[in-house]
1. Would it be correct to say that B:ALA119 is within 14 Å of another protein chain (Cβ to nearest Cβ) and over 21 Å from A:GLN281 (Cβ atoms)?
2. Could you check B:SER253 against (1) modelled with pLDDT under 90; (2) of a type outside the set (Val, Ile, Thr); (3) touching a Leu at 6+ places or on another chain (Cβ under 7 Å) and say which number it fails?
3. Only residues that are within 17 Å of the chain's Cα centre (by Cα), more than 9 Å from every other protein chain (Cβ to nearest Cβ) and in a helix (DSSP H, G or I): list them for segment A:265-301, please.
4. What is the number of the single condition among (1) at pLDDT below 75; (2) within 14 Å of chain B (Cβ to nearest Cβ) that A:ILE219 does not meet?
5. Under 7 Å by Cβ, and 6 or more places apart or on different chains, what pairs join a residue from segment B:143-170 that is closer than 18 Å to B:LEU237 by Cα with one that is surrounded by fewer than 17 Cβ atoms within 10 Å (Cβ to Cβ) and of a type in the set (Lys, Arg)?
6. So A:ARG129 ticks every box in (1) within 14 Å of another protein chain (Cβ to nearest Cβ); (2) farther than 29 Å from A:GLY279 by Cβ; (3) modelled with pLDDT of 85 or more but one. Which box is left unticked?
7. Starting from residues that are within 11 Å of chain B (Cβ to nearest Cβ) and in a strand (DSSP E or B), keep the ones in segment A:75-92 and report whichever is farthest from the chain's Cα centre (by Cα).
8. Among B:ASP215, B:ASP229, B:ASP255, which is at positive phi and among the acidic types (Asp, Glu)?
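The values are calculated or read from the model by the stated rules, or taken from the named source; none is laboratory data. All values derive from a computational prediction rather than experimental measurement. Heads up, the Cβs are rebuilt from the backbone with ideal geometry, glycines too, and the neighbour counts pull from every protein chain shown.
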Amino acid sequence: MATLVRSVARNLRRNKLSSMYCPASILHSHATSFGFKDVAEEEKSKMVGNVFTSVASNYDLMNDLMSGGLHRLWKDRLVSKLSPFPGMKHLDVAGGTGDVAFRILENIKNVKRRAMQDVLDDDLIEETRIYVCDINPNMLRVGKKRAEERGFGRDKSLVWVEGDAEALSFEDNSMDGYTIAFGIRNVTHIEKALSEAYRVLKRGGRFLCLELSHVDIPIYKDLYDFYSFSVIPAVGELVTGDRESYQYLVESVRRFPPQVELGYEMTKKQFAKMIAEAGFQKVEYENLVGGVVAIHSGVKF
Amino acid sequence: MYRSAAKRLLPAFYRRHQNAISHVRILAANRHTRFMTSSATGNIPDHNPIPPPISNPADCTASSSWKEEERTHYTETDEKFSSRTKLSKAHYKDEEARVLSASLPHVIRFGWTETAMIASARDVGVSPSIVGSFPRKEAALVEYFMDECLEGLIDIIESRKDLKNLIPSERVAKLVRIRLEMQTPYISKWAQALSIQAQPLNVPTSFKQRAMLVDEIWHAVDDDANEIDWYVKRTVLGGIYSTAELYMLTDSSPDFCDTWAFLDARTKDAFDLKKTAQEAQRLAEAIGAGMGGSLQGFIKSLHGLNHVWNG
């Protein structure tokens, strides 16, 4: 059903004649994708906001269900790739509930690491700042609560900031690291988010993006499609009573990132090219779980 | 390390462009980390690096023909990025090389660790996050040091003429000694470097580097009067080098004189054995010419066994 919808939408876009039959909103503004639906740009961020407001309280549970608990390993891999160090200024965008930020902080404060370090580094640990930026205040609220549960409530290293990935409120050349885990497909203008990332990073700073992506291996792809389109929304409905949001989440993965004019889904290489065009060097990507998830990385100079 | 391989393939070309060597060295040094990165990521599935933009420093015009060759190694995607290279942005390889070379003074204090590299990144003025982008962090530092030492050794070989006056066994001993002396400032932490090189992920690269080193030394010694297999020569010298290196770790004599004595004794042994083996072979040939093929064949098989024992 979903593939039928998708192919119809693609045909509509390709066929200029049929633009007469499109809803007015698409004609007048630059359309973007909301899952498999096409919506006006201005509306996308609002609709995404609504999705996350409704899923915020159960976000962690749904992550576990959708990925079979694997999302924890993926985030662990992201943080180990980042190699955090004491005194780091790090920005985690779209990291509302704080998963990545907590892991980074724990990595830096790890006792084993401290045993190996120089005495002077103890001061540096105090200077560490992890900024968690999210556009949705509900997600931040959930994150702050989780921080307290984990014992980071009083820790001044964690700073919760409400902000938009496309217009960050941080200064130029102020961050050592930038991560965005499972958030970039929700951004309306990915190029803007990437150039903002480039702006705030210092020289030598790293950009890391963890994202679900396309699976091309034939049988694996079908199984994955079945799991995504049938199982996940059904489970979403059972657990949270909100099928629509999970339908969006699953569809947005398929459409990442939106390429309305061309009508095809972006591959990892294309995303890597976008990252390079934003100015990053040494752009690479690593596949996890046979391509279901990829970590793209780049360095700013 | 690939530069020395190329040097052997194009010796005449290389000798003619002596003045371009320093520029080539910058390019080659930059390629080291790149090739080591790609060779060591075999275990990550579908790891697919996009080649970075090439910066074209103005002083490389002297070695333009050498650059032609290097350019063929890159893929077409570089052409698309070439417009950006004209904005003089620092190439990431240069930055990485700067951070690594600045780390060496810190190694004495911190060992071959990320801490040393983080401290040096701060010195150089780059965010310490760059250390996270080195694929096998501490190994990158050790490998950089090994490459630097190899290049230093090549410089010394080319500049010093008095080495030609020595007999082969003494020349070998002298070159190994020169190379090991480069490690003396770091000898307190060298055991750590060896253990890093011995880790399974790092073994392919460290093995290649040592093979290159041994090849360079044999090339400099240039002992033509031999029928001995190239692999045997490599193995023998590799053995001499490694044992001398290990001996040096526990040597507390002034200026490592015990190590040098050990080294001289070992090279002498190796060359004596070689002579003995050659003499034995010649004797076998002489007898065989008289007695027919069967005895020669028998002695040749003994000769083969001898190599297996002593190689």
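1. Values: within 14 Å of another protein chain (Cβ to nearest Cβ): yes; over 21 Å from A:GLN281 (Cβ atoms): yes.
So B:ALA119 passes the test.
2. Of (1) modelled with pLDDT under 90; (2) of a type outside the set (Val, Ile, Thr); (3) touching a Leu at 6+ places or on another chain (Cβ under 7 Å), only one is false for B:SER253: (3).
3. If the condition is that a residue be within 17 Å of the chain's Cα centre (by Cα), more than 9 Å from every other protein chain (Cβ to nearest Cβ) and in a helix (DSSP H, G or I), then A:GLN270, A:PHE271, A:MET274 are the ones that fit.
4. Single failed check for A:ILE219: (2).
5. Listed pairs, sorted by first residue: B:SER169/B:LYS268.
6. So A:ARG129 meets the others, but not (2).
7. A:LYS89
8. Testing whether each residue is at positive phi and among the acidic types (Asp, Glu) leaves just B:ASP255.
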